[in-house]
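Below is one structure, written out as structure tokens, with a few remarks after it.
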Amino acid sequence: MLAKINSFGLQGIDGYSVSVEIDINNGLPGMEIVGLPDKATKESKERVHSAIKNSGFRLSPKRITVNLAPADTKKEGSHYDLPIALGILYATEQIGENGLFDTVFVGELSLGGELGKVNGVLPMIIAAKQLGLKRIVIPKANEREASYVGGISVYAFSSLREVVDFLVGNKEAEPIATKDVQAAFCGHVAAENLKYVKGQYQARRAMEIAAAGGHNILMIGPPGGGKTMLAKCLPGILPQMTADEALETTKIHSVAGVLRSEDGIVTERPFRSPHHTASRVALTGGGGSAKPGEISLAHNGVLFLDELPEYSRSTLEILRQPLEDGKIVVSRASRTVEYPSRFMLVASMNPCPCGNRGSATAECTCTPAQITKYLSKISGPMLDRIDIHIEVGSVEYDELSSTEESESSEAVKERVDRAREVQLKRFEGCGIYCNAGMSSAQISKYCAIDEETGQLLKRAFTRMGLSARAYTRILKVARTIADLDGSEDIKSKHVAEALQYRSLDRSYWG
Amino acid sequence: MTDERKALFWLSDGGTSSDKLNKLLEIYGSALEVYNGFSSGKLREFLGERVYSALRATRDEGEIDRRLRTLKAQGIRVLLRSSADYPELLRQSDTPPAVLYIKGNDKLLCTRCLSVVGTRRCTDYGKRVATDWTAELATEFTIVTGHATGIDTYAAKSALAAGGKVICLLACGMDLFDPPPFMKEKAENLLLVTEYPNGTHTEKFMYAERNRLFGGLSEAVVIVEAARKSGALITADLACKQNRTVFAVPGSVFSERSAGVNELIRNGATAVTSVDDIFDDLGLEKRGEKEKTDLSSLSEEERRVYEFLSDGARRFDEIADMLGVPPAQAASLLSMMELSGIIEKKMQNYYALAQG
């Protein structure tokens, strides 16, 4: 008897319907899986074999053919175990139809018949719902992430036996209660809080501006100045993710298998800091198993690149597309996958290879040639996409040991939220959400400055030795500063402040 | 042939070192004597086979004229010790070259000269001293320096950028030196000087030989940064022997690349910590005190910052704390003060009163 069970596969971060067909024939006993299964899927036959036996069913010594249709797309992962096992039970007439064919099944089986956690359950459920399917059965361990999708009955079980009992009516089960995404946001606490950052007024202020305008930011300073800590504070002062953003980010994390099962949903903006030795595929995603990479995991959050000049040129070049388009397209010979990756780039670097350049207390041992070489690694197109550069000096002992708390992330976030609201209103229907995304036309429209401010800017260029590339960046940042100030126009004080955040363009850096 | 000048050129162009050339002149009395009595075997032994055969091959007035014309076409002037514009200081020095090849603005030889030299592998500190100080020194002196990377190049670059004049001493033939772009741009303020004829490739001993000219040409030598075995120390040594003042810029006692300079100081070189020290020592007026910033034109807050910074550079945090204003306001204020030229931003978030 032919069995045809519904299941789902993953293409990028979206699920697509896969039907698992099982047929039993006479012949040499064995199981053959076709439909381009990868290694994990192929090994399914050993797991299914034992799981069926150890769950109290029998496996007749016949030839079993499993087809994963459509047969021309690659099937990856171990989540086809459950549909295959159920198909075999049906084909060998150990269970009846009992709603088997209008339910979607995903889940990995252990040899003992327990259902184990699988990746990408959330996008599969969303896809099933969009296809109008009514029921889906998932492993218990994936229960949390499934609870944020309404409009489809999701059942979670912990073993093959339970699933069968449920199907044949021996066991009552309720679908998982749907939870509201908004509710999940309540009560979460960011990992780092600005109130524990000692000193560094300018850097704190720059963080606030960066968060308010969505500007990418580069921090330059000696080791131990607190650059990493400042970067980690950023998710806490960025506006709360919307429900859509949270679901989209959760989808990516679910596919990549980095979602923590106790959370079920990503409520805090992600903070990813790949090491500079990370391979290109680790950053972009793709590769053999088409998993999202670090820059997609940072979607709607912060991508932190520590020691920016240590990253290879080709790695940094990869970042250009996502910084521009908010997505990354991974093209391989067999297929093209697209992952969303709209993130804020936060980078840090030392002022020179030894890190002591410009320090009042330590000696720099680098030659000018070494320094030039170091700085040249991040020149050009990369710098063009970073609006704010600031210097983060070392902190003095007195500041470190002071018990006084600085302004907390929550207070800063309130101002950021207000500034974002202004921007959302301004850019309604423009397709952008914050000042950092402004095009040249939008800059000239929204960043008009008066005569006096224009003079000031002109003077700044000659006096401070700013480079031409700084011009539009300063205007953008000044726009954000004005928004934070609640000011309709960009005033000269806003431009003046923005001038302080262009360290690398300044001649004293040369 | 009867022209002593041509004979001198012939001797030098053949590759006779300045040292030997001077000795020949002492023995023979004039270059013409050498030219006319050339065949002697003793001379061959004295000059060495290579130079001797080169001289023999070119010992022909037509050939000498032709070579002189080629040099002229390349813009290279042959300056003889007997010439009136041969620098007087150099004439009195040890082993003054009988023949110099010069290219560029030859009036610079009659100006007051000061050498600024140092290591090739300089640190950022050395670069700053070379850049900042030379720009100021160049207002009073023609800067004499080399063409190696490091301190020499930074000094030359900075002097030219500040509109000053530079004499660059080469350790190779004039035709083998390709001036970097920053020199080509300011060719009118530059003079290239070498004692080696065209086609002479640099060899290690030539640096040491050339280095005596730094002291020879200039009133004093400033050693910016030098490790224990740097060529700049030879320069200092030779300058000292020629009775020139050696100024040494002290460095950290832990810095390997200042070890040589610090040793110079220990051995009696004059330690200098500012351009004024050098001007003072050489009998020049100290540069007028920088115009005092007009305090009355400053706002209350600007005045407080000005006074706060008069003790030295301060960090952004300290300034904001002192003013008691939010960072945004402090940043804006500091930008304005920078634009007015009252203060300067330094690295690592330091701010200081503007220098001159």
Task: Sole residue being open to solvent by less than 60 Å² (accessible area, probe 1.4 Å), touching an Asp or Glu at 6+ places or on another chain (Cβ under 8 Å) and either within 14 Å of chain A (Cβ to nearest Cβ) or not small (Gly, Ala, Ser) (or both), chosen from B:Ile319, B:Ile342, B:Ile278 - done: B:Ile342
Open item on the list: Show me the helices (runs of 4 or more DSSP H) entirely contained within the range B:255-356 in which 1 or more residues are within 37 Å of the chain's Cα centre (by Cα).
Closed with: B:259-266, B:275-281, B:300-309, B:327-339
- [ ] Evaluate the range A:211-224: report whether one residue or more is within 20 Å of A:Val121 (Cβ to Cβ), at pLDDT 90 or above and open to solvent by less than 10 Å² (accessible area, probe 1.4 Å).
- [x] no
TODO: Give the range A:78-101 a look and list any residue that's closer than 19 Å to A:Asn54 by Cα and open to solvent by 20 Å² or more (accessible area, probe 1.4 Å), or say none.
DONE: A:Ser78, A:Tyr90, A:Thr92, A:Glu93, A:Gln94
TODO: Tell me which of these A:Cys366 doesn't satisfy, since it passes every other one: (1) part of a loop (DSSP other than H, G, I, E, B); (2) within 34 Å of the chain's Cα centre (by Cα); (3) free of Cβ contacts under 8 Å to residues at least 24 places away in the same chain.
DONE: (2)
Task: Of the criteria (1) within 12 Å of chain B (Cβ to nearest Cβ); (2) assigned to a helix (DSSP H, G or I); (3) touching a residue at least 60 places away in the same chain (Cβ under 8 Å), which one A:Arg418 fails - done: (1)
- [ ] Can you work out which of the residues in the range A:460-482 that are open to solvent by less than 10 Å² (accessible area, probe 1.4 Å) and more than 12 Å from A:Asp387 (Cβ to Cβ) is farthest from the other protein chains (Cβ to nearest Cβ)?
- [x] A:Ala482
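A quick yes/no check of all residues on (1) closer than 20 Å to A:Ser55 by Cα; (2) under 33 Å from the mean Cα position of the chain (by Cα); (3) surrounded by 20 or more Cβ atoms within 10 Å (Cβ to Cβ):
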{"site": "A:Thr103", "(1), (2), (3)": "no, yes, yes"}
{"site": "A:Gly107", "(1), (2), (3)": "yes, yes, yes"}
{"site": "A:Ala146", "(1), (2), (3)": "no, yes, yes"}
{"site": "A:Lys171", "(1), (2), (3)": "yes, no, no"}
{"site": "A:Ala177", "(1), (2), (3)": "no, yes, no"}
Open item on the list: Test of understanding: among B:Ala130, B:Ala135, which residue is open to solvent by 10 Å² or more (accessible area, probe 1.4 Å), touching a residue at least 24 places away in the same chain (Cβ under 8 Å) and within 14 Å of chain A (Cβ to nearest Cβ)?
Closed with: B:Ala135
Task: Breaking point among (1) open to solvent by 60 Å² or more (accessible area, probe 1.4 Å); (2) within 13 Å of chain B (Cβ to nearest Cβ); (3) of a type in the set (S, T, N, Q), for A:Ser444 - done: (2)
Task: Members of the range A:14-31 that are within 37 Å of the chain's Cα centre (by Cα) and open to solvent by 10 Å² or more (accessible area, probe 1.4 Å) - done: A:Asp14, A:Gly15, A:Tyr16, A:Ser17, A:Ser19, A:Glu21
Open item on the list: I need the full set of residues from the range A:345-389 which are more than 20 Å from A:Gly224 (Cβ to Cβ), within 14 Å of chain B (Cβ to nearest Cβ) and open to solvent by 60 Å² or more (accessible area, probe 1.4 Å), in order please.
Closed with: A:Ala369, A:Gln370, A:Thr372, A:Lys373
TODO: Scan A:Lys232, A:Lys227 and give me the residue that is among the charged types (D, E, K, R), away from every other protein chain (no Cβ under 12 Å), crowded, with 24+ Cβ neighbours inside 10 Å and touching a residue at least 40 places away in the same chain (Cβ under 8 Å).
DONE: A:Lys227
Task: When residues of the range A:148-166 are limited to those that are part of a loop (DSSP other than H, G, I, E, B) and open to solvent by less than 40 Å² (accessible area, probe 1.4 Å), the one nearest to A:Ala51 (Cα to Cα) - done: A:Ile152
Task: 2 or more residues in the same structural domain as A:Ile152 (by TED's automatic domain parsing) and farther than 17 Å from A:Val118 by Cβ: qualifying helices (runs of 4 or more DSSP H) within the range A:37-104 - done: A:44-54, A:81-91
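The values are calculated or read from the model by the stated rules, or taken from the named source; none is laboratory data. All values reported here derive from a predicted model rather than from experimental measurement. Note: ideal-geometry Cβ built from the backbone for every residue, glycine included; neighbour counts use all protein chains shown. Ligands, DNA and RNA are excluded from the accessible area calculation, which covers all protein heavy atoms including side chains. Shrake-Rupley method; radii C 1.70, N 1.55, O 1.52, S 1.80 Å.
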